[in-house]
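Notes follow once the structure below has been shown.
Values in this text are rule-based calculations from the coordinates and carry no lab data. Values in this document were obtained by computation on a predicted structure and should not be read as measured data.
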Amino acid sequence: TGTWRLAGGGLSGTGGVNALAKLQTTYTPPEEYDLTLYITRKEGVENIAVGLVAGGKQFAFELDCLASTWSGPHVLDGKEYPGSSGVGVPGKLFTNGKVRTLTFMVRKEALIVRLDGKDWFPWKAEWNRLNLHPSCAVTSKNTLFLAVGAGSYQISRMLATVPKE
């Protein structure tokens, strides 16, 4: 839904104030995986959500939600926004025009998010505490997805890999 296009060396998504731009992938990840994205916010101050699958659940990890004030799991313990659940990272993540590299390391018992090569969000996962907000819902419940709020983002690279033992 919304506006997505391939141009300028990447995939661009633009959402609206009351409508997310959602893009469902066809990739169903294994139980443990790494997902690396090179993301640039082109304009706006609102969020991009990365849809992940872990512990048999699909959920969204919000980046720069609430006007760039929080990042973290979206809908944890029934609370919609990172920070209100007590699990999240305060502060602005993106500066318009600057690329950030995020790696989501999904493991059976943990979610570790690396920002520009450094551990940024380590969480001893309790997957049963997560839910997917209806606004982020996509057709397939076991694939990865992206969702953009009021703003515009470009993904110049998105790579899923299986961790090395």
By the Kirkwood definition, with r running over pairs of different Cα atoms, region 1-147 has a hydrodynamic radius in Å of 15.4
How about LYS57: which aspartates and glutamates have a C-alpha closer than 19 Å to its C-alpha, ignoring those fewer than 8 places off in the same chain?
-> GLU31, GLU32, ASP34, ASP77, GLU80, GLU109, GLU126
Where does the chain land at 222 nm, in deg cm²/dmol rounded to the nearest 500, when only DSSP H runs of n ≥ 4 count, each adding -39500 (n - 2.57), divided by all residues?
-> -500 deg cm²/dmol
Find how many whole Å separate the alpha carbon centroid of region 113-165 from the alpha carbon centroid of region 1-75.
-> 7
What number, in percent, do you get for the relative contact order of region 1-125 if the mean sequence gap of Cα pairs under 8 Å and at least 6 apart is divided by its residue count?
-> 20
Segment TYR38-THR1, extension gain: residue separation times 0.36 nm, minus the distance between their alpha carbons = 11.2 nm
Starting from the amide H of GLY83, placed 1.01 Å from N in the peptide plane, find each other amide H under 5 Å away whose residue is 5 or more places distant or on another chain.
-> GLY88
Would you mind calculating the gained length between VAL162 and ASN142 on full extension (0.36 nm times residue separation, minus the Cα-Cα distance), in nm to one decimal?
-> 5.6 nm
